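Shown next, in structure tokens, is the structure this report addresses.
The values are calculated or read from the model by the stated rules, or taken from the named source; none is laboratory data. Just so it is clear, the structure is predicted and the values come from calculations on it, not from any experiment. Ligands, DNA and RNA are excluded from the accessible area calculation, which covers all protein heavy atoms including side chains. Shrake-Rupley method; radii C 1.70, N 1.55, O 1.52, S 1.80 Å.
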Amino acid sequence: MGGVRVLVYLSVCLSLLTSLCQGQRSPAAPAAADEPTLGLTTRELAEVLQGFLDEADSRVGLSVEKKASVIPRCDVGVRCAMKHGPRIGRLCDCLRGTACNTFFLRCY
């Protein structure tokens, strides 16, 4: 979740910076393809950005895979939930015909 938030924040900042810098260009002189920006060429900036996005995609992909996984099934009498203060967190899903008892936190 944090990685997605960082990625969205970075893309919004990059879009905003790009839109603000469009007005700074002079229309008479076209920009060169390898014009150094902050000591880096366009190709170097593109490679760094691509590396960052690949790294962010790999981290985001793992968290999405974890969320998309199927919740395991519990047998009757097995602990199906944990109590976290006032909240109850599910560990597994009870079999058909049974339900997770919120007092004992077991499938009955």
Going through segment 79-108 one residue at a time, which ones are aliphatic (A, V, I, L, M), open to solvent by less than 50 Å² (accessible area, probe 1.4 Å) and in a loop (DSSP other than H, G, I, E, B)? LEU105
Would you pick out the residues in segment 43-58 that are modelled with pLDDT of 85 or more and small (Gly, Ala, Ser)? ALA46, GLY51
